[in-house]
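Data first, discussion second: the structure below is written as structure tokens.
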Amino acid sequence: MSAHFQVGRGTVLPGFLDAHVHLALIDGTVLPSGGIARVLDLGGWLPDDLRASLPDLAYANQFMTAPGGYPRHSSWAEPGWSYAVATAADADTAVDLQVGAGASVLKITLNSVDGPVLGTEALAAVVGRAHELRMPVVAHAEGARQAGRAFVAGVDAFAHTPFSEQLADDLVTAMAARMTWISTLDMHGWGHPTPAFEIASDNLRRFHAAGGRVLYGTDLGNGPLPLGLNSREIAALLGVGPTPSDILTALCSPAPLGLTLGDNRVTFIPGERPQDPRDFTDWLVTARALTRSELEVLA
Ligand SMILES: [Zn+2]
């Protein structure tokens, strides 16, 4: 990392990013003390009154979904978090409303397990409108063939490493050439790996090997995840190919999906990066995200 330097008895890096959170479902104000300086909020209202204490962020606002589609009827999501796109004719209004609410990234759901999904034309129209407005599109793909449909429609990133099915090698290679995948491996069992964890790990191993861009992300708000850097997510990533340096690069990504998130905080980790990669995760998870004035106190 070129931006890495030593201060006091620690290491300073650009602010770490969790690329998949839902601030409406967690206390986001504690994330900096857990090492997270920046987040992508991938759906739901923002707790605006807390904005000054939250990590730097970009957000999606409402989920674009089919009428009655996921997460319209999920217990964790308010009905108003979803915007129903019935046909291609609804796409411009749907996307423009999110831009009007301050969103800079668009979240689409294609979850055929939990309800109807956008048809091919509606999907293409939503992605097309977002791209006209230079908004990256992130999809939640779940169920048979939904990841492939999202890719064909021009979706830029997956909110989760695809976990419903083993993707064919040629599809993974094609995806690696232009997509970003947000990891979220640990949400499959939280340390007790499920079949979906194994499927996702296999897909991510091949995506990474093919040169695909991977961001660290946890889906904070979904189940018992720690409110800060998650050592199990880091360990799961290390298990599928990325090196410790790759993981630092992902966490410090200056403009994830081309987005500008702000840089109010940097990451401070006590001590130097250990030589032995087996000690990397334990060192990494002692990170804190500090404002520059907090950092000066330490220096
Ligand atoms: Zn999520």
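A short reminder: the numbers here are calculations on the coordinates, not readings from a lab. What you are looking at is a predicted structure, and each value in this text was computed from that prediction instead of being measured. Cβ placement follows ideal geometry from the backbone for every residue including glycine, while neighbour counts extend to all protein chains displayed.
Given R₀ = 30 Å, what would the calculated FRET efficiency be for Arg205 paired with Thr286, taking r from the Cβ atoms and rounding to 0.05?
FRET efficiency, Arg205 to Thr286: 0.65.
Per 10 Å bin from zero, what fraction in whole % of the C-alpha pairs of segment 134-234 is there, up to the bin with the longest pair?
In whole percents, the pair-distance histogram is 16, 52, 28, 4.
Based on the Cα gyration tensor of segment 18-261, what are the three equivalent ellipsoid semi-axes, each the root of five times an eigenvalue, rounded to whole Å and given largest first?
After scaling each eigenvalue by five and taking roots: 24, 22, 17 Å.
Please report the projected area of segment 51-130's Cα convex hull averaged over all directions, in nm².
Computing the convex hull of the Cα atoms and averaging its projections yields 5.6 nm².
Assuming 0.36 nm per residue, please report the length gained on full extension of the stretch Glu78 to Val113 beyond their Cα-Cα distance.
Additional length available on full extension: 10.7 nm.
So what's Rg/Rh here for segment 29-92, counting alpha carbon atoms and using the Kirkwood radius for Rh?
Computed over Cα atoms, the ratio is 1.08.
Just to confirm the number: angle between the C-alpha axis of helix 195-209 and the first principal axis of the chain, 0 to 90 degrees, nearest 10?
70
Two decimals is fine: what is log10 I(q)/I(0) at q = 0.25 Å⁻¹ for segment 182-275, from a Debye sum with one equal scatterer on every Cα and no solvent?
Debye output, listed in q order: -1.44.
Through the Karplus equation 6.51 cos²θ - 1.76 cosθ + 1.60, θ set to phi - 60°, convert the phi angles of segment 33-44 into ³J(HN,Hα) values in whole Hz; use x for Gly and Pro.
Those phi angles translate into 5, x, x, 9, 9, 9, 9, 9, 8, 9, x, x Hz.
Among Leu257, Gln166, Thr218, which residue has its Cα positioned farthest towards the positive end of the charge dipole of the chain, with +1 placed on the Cβ of Lys and Arg, -1 on the Cβ of Asp and Glu, and the dipole taken about the Cα centre?
Leu257
Post the alpha-carbon centroid distance, segment 211-244 to segment 25-79, in whole angstrom.
18
Between Leu298 and Ser231, what is the label-to-label distance in nm when each label sits 7 Å out along the Cα-to-Cβ direction?
That separation, rounded to one decimal, is 1.9 nm.
Extent of segment 236-285 along each principal axis, from alpha carbon coordinates, in Å, largest to smallest?
Rounded to whole Å, the extents work out to 33, 27, 14 Å.
Could you give me the ³J(HN,Hα) list for segment 282-295, computed from phi with Karplus coefficients 6.51, -1.76, 1.60 and θ = phi - 60°, whole Hz, x at Gly and Pro?
4, 5, 4, 6, 8, 5, 10, 9, 10, 6, 5, 6, 5, 5
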